[in-house]
1. For the list (1) under 18 Å from LEU228 (Cβ atoms); (2) crowded, with 22+ Cβ neighbours inside 10 Å, I need the number of the one condition that GLY144 fails.
2. For LYS163, only one of the following conditions fails: (1) in contact with a Leu (Cβ under 9 Å, 6 or more places away or on another chain); (2) at pLDDT below 95. What is its number?
3. Within segment 166-175, work out how many residues are surrounded by fewer than 21 Cβ atoms within 10 Å (Cβ to Cβ) and either touching a strand residue (DSSP E or B) at 6+ places or on another chain (Cβ under 6 Å) or modelled with pLDDT of 95 or more (or both).
4. State all residues of segment 85-101 that are at pLDDT below 95 and within 16 Å of the chain's Cα centre (by Cα); if no residue qualifies, say none.
5. For the structure I just gave you, tell me whether ARG195 is among the charged types (D, E, K, R), in contact with a helix residue (DSSP H, G or I) (Cβ under 7 Å, 6 or more places away or on another chain) and under 24 Å from SER111 (Cβ atoms).
6. For segment 208-258, which positions are touching a Leu at 6+ places or on another chain (Cβ under 9 Å), assigned to a loop (DSSP other than H, G, I, E, B) and without any contact (Cβ under 8 Å) to a residue 40 or more places away in the chain?
7. Out of ILE104, ILE82, I need the residue that is modelled with pLDDT of 80 or more and closer than 28 Å to ARG188 by Cβ. Which one?
Amino acid sequence: MSRVFQAVKKKSAEAIRPSSEATTAQREADDARHCEDPPVDPLALNVRSVAVHLPLRSPLFPFDESGSEAAEQYRMARTTIIQHPGNPRVLVVSSAGTREGKTITAANLASVFALKSDWRVLLVDADLRRSMVHTHFRLSRTPGLAEALQGACHLEDVLIQVKQFPSLYVIPAGEPKVNPTELLDSCRWATACDRFRGYFDYVVVDSPPVGAVADYDLIQASCDGVILVARPDQTKRKCFLEVLEGIPREKLIGVLMNCVEKWFLWKQPRYRYAYHDVRSDSEKAAPKETDGPDELSRRSIGRTPISP
């Protein structure tokens, strides 16, 4: 009788196994389906367009006609990135600690790329714990990246186009309902980065500081390169060197020094370029139809005295 029982048990197990395997396969298919959103081209949609109004002393968008040194430094950084042999297009901007200017740096890098009128540029606030992009741009925090990763909405629902920079799009952080690490560890984040590559020429991602939480490692894993921001009066040297050593060599684009004061012993440039505008005052005041985003859009940035 025991042999008969064993035979029946074996047959029952064989009959059940395919059903179990089918259930597992179905579950994996469902999970993959949940990570997929229908492909969307931002330019083919009615994306929200918002005009930004900045405080008078805001460090954002220094690309006006004053020819500021900061603007030229950002243009030099853009050229360095464009000429990088690895051709990185999805860039993570991070730092060794807080209050080192990574968010402002990320925003200005994105906007200097957006000066190219034939490019589409996206700024993503992936610092879901201490998001600041929406604060600097004076945008609504929601809906944002967190809602898209939670499946509450699609990526196109969280895109915002900056009116003064028609080539610049912004995705605010949103408000995560669960631990941000769990959101960034999902397949939705990797899928979003792949779609960003298909829709935009360059993507700049504002990330939490390196090593502060697991979020940074999950963010940079799906991106092409890392730009590390340091501030001489704020960055701790030992911490910075440890962070620098931990970034994979193949992903490190470079280090961008923020708020660097001039030193009297620094060698001065041998050559200086001076630009003299020979137009009359009326000609300078009248915008031309040929003015591109590098000129006309910079003049139209709204800067108003806003009390803190």
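1. Against the list (1) under 18 Å from LEU228 (Cβ atoms); (2) crowded, with 22+ Cβ neighbours inside 10 Å, GLY144 comes up short only on (1).
2. (1)
3. Residues of segment 166-175 that are surrounded by fewer than 21 Cβ atoms within 10 Å (Cβ to Cβ), as a first pass: 166, 175.
Retained after the next criterion (residues that are either touching a strand residue (DSSP E or B) at 6+ places or on another chain (Cβ under 6 Å) or modelled with pLDDT of 95 or more (or both)): 175.
Total satisfying the criteria: 1.
4. GLY101
5. yes
6. If the condition is that a residue be touching a Leu at 6+ places or on another chain (Cβ under 9 Å), assigned to a loop (DSSP other than H, G, I, E, B) and without any contact (Cβ under 8 Å) to a residue 40 or more places away in the chain, then ALA214, ILE247 are the ones that fit.
7. On the way: ILE82 fails: closer than 28 Å to ARG188 by Cβ.
From the options ILE104, ILE82, the qualifying one is ILE104.
The values are calculated or read from the model by the stated rules, or taken from the named source; none is laboratory data. Since the model is a prediction, treat every value here as computed from it, not as a measurement. Note that we place each Cβ from the backbone using ideal geometry, even for glycine, and neighbour counts take in every protein chain shown.
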